[in-house]
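**Student:** Below is one structure. I have some questions about it.
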Amino acid sequence: MKSLLRKLWIGTMLFPLGVMAQNPIIQTSYTPDPAPYVHNDTVYLFVGHDEDDALYFKMKDWTLFSTTDMVNWTYRGTPMSTATFQWAKQGDNAWASQAIERNGKWYWYICAEDTTKHLHGIGVGVADHPDGPYRDVIGKPLVPGDWGFIDPSVFIDEDGQAYLFWGNNGLWYAKLNEDMISLGSKVMPVPGLEDEKAFGPKVMKMDYQLGKRVMKTGYEEGPWVFKRNGLYYLVYAAGGVPEHMAYSTSKSIHGPWEYRGRIQNESPNSFTIHGGSIEFKGRNFMFYHNGLLPNGGGFHRSSCVEEFTFGENGEFPLIPFTKEGVKTPVGTLNPFQRVEAETMANSYGLKTDRRAGREHYVTSIHNGDWMKLRAVDFGDGKAQTLKASFLNIKAGGAVEFFVDEMGGKPIARLEVTNTDEKKVLQADLQKEISGVHDLYIIFRDMDGEMFDFDWWCLE
């Protein structure tokens, strides 16, 4: 039945409606709580992972993606899980996180249930590479569990001092020592949390520690801290449930903070919203999550991104939600070097493996599944062949490559025969192609799961 539905979907040409949408930016899994980080010419996106069968916040691990052009995203693996932290409840409660690099080391701050406190605490995984492997080098929570101790945000100021912010129904911060794995101060409440001038108008919200609804300022959870033009920004989920995105600013990291208004309205099909902004190659982007993937919702959330421009006085605009996301890429994709199959701008029906390390592939491939890559630079048209690698071949099948649209005659077709061996296949290009184009890859022919897809390139 699944295969038949896919055939009908393709046959009726309904798929271009989905192809036009860039948001959510990851379609192979649910990816809540996006935490982007710019390192050299790459944006790394550290995210959580809502399980496909979740009926509540069912989260076992954290995953990583990256991009150099803001439209094609590469799955970098699942480098950390609750198993990384012996003090954490295993197999669940792997909630929001944020990572940062310092002095060649990567520090990934997470919240998980502290089994000694039976409340969430803040931990940190350390690695030599963003892909991991990450280790819990302190063997205990960096911040022991307590009410509302979730959603860490890490920030390094211009003077080299690092800070950690966190909190739901409360907001706390502390200095980090230069080692990034120990606190350099006591835990301090962010001043003015109950001041409307600091964190927005008061609304009736649930206080889970008190077990009742009370009047509180707009701040809810998910702090995101950064500095721009000498001004400190604190972005956060606000307003209670359903949440919107708001922000406050200060001339000092220690406050006082001034409420500046909304950034985004309530997220579509999700009662939470969580994310943060970056500047990349001279352009500004806001990340958040919604519930708009198939079967999405409040416990099946997916990362999205919108481009925006700051106002003259450093104010955020009210950023609308769009299906298109980033309309103009910041770069192009080079097809003349190995392109990992798990690099894509959009897809249907596909999954990625769930492994740590640096070797990954696309899996769960069935008849009618497809992926799209944007802004592929074919150069001067001298490419003659297309090569691709497949593994874990089950039923075999065909792979067709199309330029600019999923219709007409493919530029290349590869026949994958049924074998247990890993295969590198090659096909002649059917026409000369030059310049920058979108590329579609469609899987056809066989019922059932066909094979796993490793990489491709032009020659």
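The values are calculated or read from the model by the stated rules, or taken from the named source; none is laboratory data. None of these values were measured; they are calculated from a predicted model. Here the Cβ is made from the backbone with ideal geometry for all residues, glycine too, and neighbour counts use every protein chain on show.
**Student:** In this structure, does residue 231 turn out to be free of Cβ contacts under 8 Å to residues at least 24 places away in the same chain and surrounded by fewer than 20 Cβ atoms within 10 Å (Cβ to Cβ)?
**Tutor:** Judged against the criteria, residue 231 is not a match.
**Student:** Taking the conditions exactly as written (in the same structural domain as residue 38 (by TED's automatic domain parsing) and in a loop (DSSP other than H, G, I, E, B)), does residue 318 satisfy them or not?
**Tutor:** So residue 318 fails the test.
**Student:** Further, regarding this structure: Quick check on residue 285: is it part of a strand (DSSP E or B) and aromatic (Phe, Trp, Tyr)?
**Tutor:** Taking the combined requirement at face value, the residue satisfies it.
**Student:** Follow-up question, since we're still on this one. Being crowded, with 19+ Cβ neighbours inside 10 Å and either among the aliphatic types (A, V, I, L, M) or assigned to a loop (DSSP other than H, G, I, E, B) (or both) is the filter here, so list the residues in region 256-265 that pass it.
**Tutor:** 257, 263
**Student:** Listed residues 125, 121; which is in contact with a Cys (Cβ under 9 Å, 6 or more places away or on another chain) and of a type in the set (Gly, Ala, Ser)?
**Tutor:** Within the list 125, 121, the selection yields 121.
**Student:** Continuing with this model, one more query. Select from region 101-149 the residues that are within 24 Å of residue 171 (Cβ to Cβ) and acidic (Asp, Glu) and write down the one among them that is surrounded by the most Cβ atoms within 10 Å (Cβ to Cβ).
**Tutor:** 114
**Student:** Read through the list (1) surrounded by fewer than 14 Cβ atoms within 10 Å (Cβ to Cβ); (2) at negative phi, then give the number of the only condition that residue 348 fails.
**Tutor:** (1)
This table checks each residue for (1) touching a Ser or Thr at 6+ places or on another chain (Cβ under 9 Å); (2) among the small types (Gly, Ala, Ser); (3) assigned by TED's automatic domain parsing to the domain that holds residue 365; (4) in a loop (DSSP other than H, G, I, E, B).
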position: 402; (1), (2), (3), (4): no, no, yes, no
position: 406; (1), (2), (3), (4): no, no, yes, yes
position: 410; (1), (2), (3), (4): no, no, yes, yes
position: 413; (1), (2), (3), (4): no, no, yes, no
position: 421; (1), (2), (3), (4): no, no, yes, yes
position: 424; (1), (2), (3), (4): yes, no, yes, no
position: 440; (1), (2), (3), (4): no, no, yes, no
position: 446; (1), (2), (3), (4): yes, no, yes, yes
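**Student:** Does region 336-359 hold any residues that are touching an Asp or Glu at 6+ places or on another chain (Cβ under 7 Å) and either assigned by TED's automatic domain parsing to the domain that holds residue 77 or closer than 16 Å to residue 457 by Cα (or both), and which are they?
**Tutor:** Across region 336-359, the qualifying residue is only 341.
**Student:** Right, here's the next one. Of all residues in region 186-212, which are at pLDDT below 95 and of a type outside the set (D, E, K, R)?
**Tutor:** Scanning region 186-212 gives 203, 204, 206, 208, 209, 210, 211.
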